[in-house]
Amino acid sequence: MASQDTLHASDPARVSWMNDPKIRGIIFQVLVVAILSAAIYWIWGNTVENLRRANISSGYGFLNGRSGFDVSQSLIHFNADSTFGRALIVGLLNTVLVAVVGVITATILGFLIGIGRLSGNWLIAKICMIYVEIFRNIPPLLVIFFWYLGVLSVLPAPRDSIGLPFGSYLNSRGFFLPKAIWEEGAWLIPAALVVAIIAIFAIARWSYRRQMKTGQRFPVLLTALVLILGLPTLATLAAGVPFTFEYPQQGAFNLTGGSQIKPEFLSLYLALSFYTAAFIAEIVRAGILGVSRGQTEAANALGLRAGPTLRLVVVPQAMRIIIPPLTSQYLNLTKNSSLAVFVGYPDLVQIGQTTMNQTGQAIEVVSIWMLIYLGLSLSMSLFMNWFNDRMALVER
Amino acid sequence: MKKLVTGIVGSAALLMSASVGSAATLDDVKAKGEVACGVHTGLAGFAAPDDQGNWKGFDADFCRAVAAAVFGDASKVKFVPTNATERFTALQSGEIDLLARNTTWTLSRDTSLGFNFTGVNYYDGQGFMINAQKLPGINSALQLSGAAVCVQTGTTTELNLADYFRANNMEYNPVVFQGFDETNAAYEAGRCDAYTTDQSGLYALRLTLANPDEHVVLPEIISKEPLGPAVRQGDDQWFDIVKWTLFAMIQAEELGITQANVEEMKGSDNPEIKRVLGQEPESKIGSMLGLENDWIVKVVGGVGNYGEVFERNIGQESPLKIARGLNQLWTKGGVQYAPPVR
């Protein structure tokens, strides 16, 4: 180093390249990339070498093999003749199913409890506080076990099923519902629903424009309710009630017919929703408290009532605080769904484990798990970031 | 900078050497001073810790027999409880030297998993257990159409179950768990109508249920389940040691050598007994395997012969009371047969 300094001593204005932050930055980045690739290369080579030495076959060819096992719950057609690849897709869909319904339930529950904790009603506020403190301080696995074993052992055997309204039943094998069997002309009903949704959007736009222009308001919410319930009902009557129900019947071992929601799914879904709702409640509470009181007072001073104040002033600002941490709760819920293995819900991890054991392809299956969970998390993050950008307050 | 590079290369080399297992398992085992043996997490009669934490059972005693062969001391075993899904990776990665855990010998496990099965220490078959109290009138597996069946994941059981119901055109609803305990809990809670696993396992499980008398094992055996110890492929010496430990136990039973009489049998005039126990002059019974020549004395002295181990853990002297059946010696109508020890 010293010799270089003397070389450039004749030009005092020039700094040694060693001290140029730009060049230094490049050198360090190149170095980091080189070390990282060397490490990956080495790990890869070492793995391949060890697999070869241990006589373990590798590669993803096993995905096309016949699985040979059955899966208890599947959104797509699957039996023992299907491939391992299809089995993993079944697992992925089951993971997505429990994550999506879990996220929706947790959000609704979380918002209610979060707002409840801020309620002026002493009882509601305390109940919500106790809920949050209990669920936030228990590991999610215990909550799942509570729902699975606690509830399973209390529910009666199939022969003594608890009858519920509308021909549905509850027993230790799950929740049984009548299944609708669609007949000719049934397409009218979903079509009517789509028409209703489009009409609601159009009316909302029109009413907003009219309010901007004339200041007059239109009862959008009421109209929407009438449309979304009324149109499908009309369509049903018009098509001459194009469906019948298949009711669960007592079979040799269990209720047969109808649709069954298995206790494995129910316990995982309820546990994840209840657990995550506690965290979401705190985020919602923090978001609402984060909007300064001056905003509410200013809105009141302008003559806005409590409802519009909350809807137009407080919530839009609170959302900015709420959405980013909400995203990580959604990701947590999705990742916690891998605890499904403990209650035998056939999610991606459970089916992956079965595949791993039947084929012995541990490294391949683990790599598939990592890729899929990474993909799920990244796409959820992207969606939430997009949503956040939309909700972010636009300064004028 | 130079120091840093040297450091990186050095640590990489270290990792490299640490991650590549040595080929000679026997040397590794001797250096460790114990045999790391993968067993069941708790299957009564096969491998389960007792109230003092000592591992008891048929498979646990096989681990001890291998330790006795290597060290002359049956207690030098480190028991590693593994569940159905962990067991193979544990053996592949070298965490255990030997897997003795009710593992069915199949072609794919023998080849693509990189294992060698060292023989069959228990001939088993898959069966079904039901709660006769809750399901009166069911006395055959063929009546199980529509039943919910509890099964453990990652087992041959799961595959046989699918095959059996398909072959007989029956419907079923699999309830699949990863752990043995979770499967048992679900069966006891009434989540499933039937429980399926190897018949030996059913008998063992039945004893641990709250009311064993309510549960019956159905007569059908739907598969062949030859259970045997397995070792990693690629180390023939270790493979031979484990394989011949099992043969030695069977041979000892055939010759009437027991835990009680093994010391006095050393002085026997029977040339075959003398040979097996390494009492011939210039005996190579042990050195051919890399062991002491009296290794069979230590094995039988440590845990007893095959029949003793069987009766003590799962046979008539145990609560399980499993009949010898196929596991009887070939001379007595079974299929347990050892090649000559010479």
Partnerless Cys - the protein assembly as shown, beta-carbon criterion under 4.7 Å | A:CYS128
Picking from B:PHE88, B:ILE250, B:THR118, whose Cα lies most toward the positive end of the charge dipole for the protein assembly as shown (charges on Cβ: Lys, Arg +1; Asp, Glu -1)?
-> B:PHE88
What FRET efficiency comes out for the pair B:SER75/A:ILE40, r = Cβ-Cβ distance, R0 = 41 Å, nearest 0.05?
-> 0.40
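Quick check on packing: order B:248-254, A:122-128 by the mean number of other C-beta atoms within 10 Å, highest mean leading. Numbers along the way, then the final one.
On the way: B:248-254: 24.7, A:122-128: 13.6.
Descending packing order for the listed peptides: B:248-254, A:122-128.
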Helix axis angle, B:2-19 relative to chain B longest principal axis, alpha carbon, degrees | 70 degrees
Net dipole in debye of chain A [+1 Lys, Arg Cβ; -1 Asp, Glu Cβ; about Cα centre; nearest 20] = 1200 debye
To the nearest 500 deg cm²/dmol, what mean residue ellipticity at 222 nm is calculated for chain A from DSSP H runs of n ≥ 4 alone, each contributing -39,500 (n - 2.57), summed and divided by the residues?
-> -21000 deg cm²/dmol
Computed helical MRE - 222 nm, chain B, DSSP H runs ≥ 4 contributing -39500 (n - 2.57), nearest 500 | -11000 deg cm²/dmol
Given the Cα atoms of the protein assembly as shown, and with Rh set as the inverse mean 1/r over their pairs in the Kirkwood sense, what is Rg to Rh to two decimals?
-> 1.08
What pairs in B:LYS266/B:LYS298; B:LYS76/B:LYS321; B:LYS32/B:LYS284; B:LYS266/B:LYS321; B:LYS298/B:LYS321; B:LYS284/B:LYS332 have C-alpha atoms more than 22 Å from each other?
-> B:LYS76/B:LYS321; B:LYS32/B:LYS284; B:LYS266/B:LYS321; B:LYS298/B:LYS321; B:LYS284/B:LYS332
The ratio Rg/Rh over the Cα atoms of chain A, Rh being the Kirkwood inverse mean 1/r radius, stands at 1.08
Could you give the semi-axes, largest first, of the ellipsoid that matches chain B, computed as the square roots of 5 times the alpha carbon gyration tensor eigenvalues and rounded to whole Å?
-> 37, 29, 17
Could you tell me the largest-minus-smallest coordinate of the C-alpha atoms of region A:60-146 on each of the three principal axes, in descending order and whole angstroms?
-> 61, 22, 22
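A:ASN19 to A:LEU382: FRET efficiency via 1/(1 + (r/R0)^6), r the Cβ-Cβ distance, R0 51 Å, to the nearest 0.05?
So, using R0 = 51 Å, E works out to roughly 0.80.
With the Cα gyration tensor of region A:196-315 giving a ≥ b ≥ c as the square roots of its eigenvalues, does the rule (a/c under 1.5 for rounded; else a/b larger than b/c for prolate; else oblate) give rounded, prolate or oblate?
Note, shape of region A:196-315 comes out oblate.
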Separation of region B:124-152 and region A:270-335 by C-alpha centroid, Å?
-> 53 Å
Report, as an integer, the average count of C-beta atoms from other chains found within 10 Å of each Cβ along A:49-57.
-> 6
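With r as the distance between the Cβ atoms of B:ALA210 and B:GLU280 and R0 = 60 Å, compute the FRET efficiency 1/(1 + (r/R0)^6) and round to 0.05.
Details: r = 55 Å, r/R0 = 0.92.
In this case the efficiency is close to 0.60.
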By the scheme Lys and Arg +1, Asp and Glu -1, what is the net charge of all other residues having a beta-carbon under 12 Å from that of A:ASN171?
-> +3
For region B:125-224, list log₁₀ I(q)/I(0) at each q in 0.11, 0.18 Å⁻¹, using the Debye formula over Cα point scatterers of equal strength and ignoring solvent, two decimals each.
-> -0.26, -0.75
Label-point separation in nm, B:ALA24 to A:TRP187, each point 7 Å along Cα→Cβ = 7.7 nm
Here the membrane-span-like helices of chain A, with no claim about any membrane, defined by DSSP H, Cα axial extent at least 24 Å and mean Kyte-Doolittle at least 1.0, are A:84-117, A:188-214, A:220-238, A:263-289, A:362-391
Additional length obtainable on full extension of the chain from A:ARG53 to A:GLN29, 0.36 nm per residue less Cα span | 5.1 nm
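Every number here is computed from the coordinates shown, using simple stated rules; none is lab data. All figures in this text were calculated on a predicted structure; none of them were measured in a lab. Note that each Cβ is placed from the backbone with ideal geometry, even for glycine, and that neighbours are counted across all protein chains shown.
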